[in-house]
Amino acid sequence: MKNKNELYRLPTPEILYKALNGDNFSVEKLLLLYDPYINRLCTMYIRDGSGNLVNRYIDEDKKQIVSIAFITAVRNFAKLLKE
């Protein structure tokens, strides 16, 4: 059985600490960690006239917007911690 970190893919405290202190590499690691969740948020579905699922795809424009919002949220949270 997988441990909790493997099952939920939680970020390590070290990565969080470095990301909150402005390390761009750690922010990128966080972004990669949450990539499957971001992909799920940005998945678009195409249905035919009967409502049957025909295709699904990841909206790359929406993914960029969500990724930028995530990075901005990390940076803003770091600013709040320093106050």
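Only the coordinates and a few stated rules stand behind these numbers; no lab work does. Bear in mind the structure is a predicted one, so any value in this text is a computation, not a measurement. Virtual Cβ from ideal backbone geometry, glycine too; neighbours counted across all protein chains shown.
General observations
- The dipole here belongs to the chain: it is taken about the Cα centre, uses +1 on the Cβ of Lys and Arg and -1 on the Cβ of Asp and Glu, and is about 220 debye.
- Summed over all non-identical Cα pairs, the Kirkwood treatment of the chain gives a radius of 14.8 Å.
- For the chain, complete DSSP H runs whose alpha carbons reach 27 Å or more along their own long axis and whose mean Kyte-Doolittle score is 0.0 or higher are 60-82.
- Unit charges at the beta carbon, dipole of the stretch 33-83: most positive-side option, Leu53, Val74, Asn39: Val74
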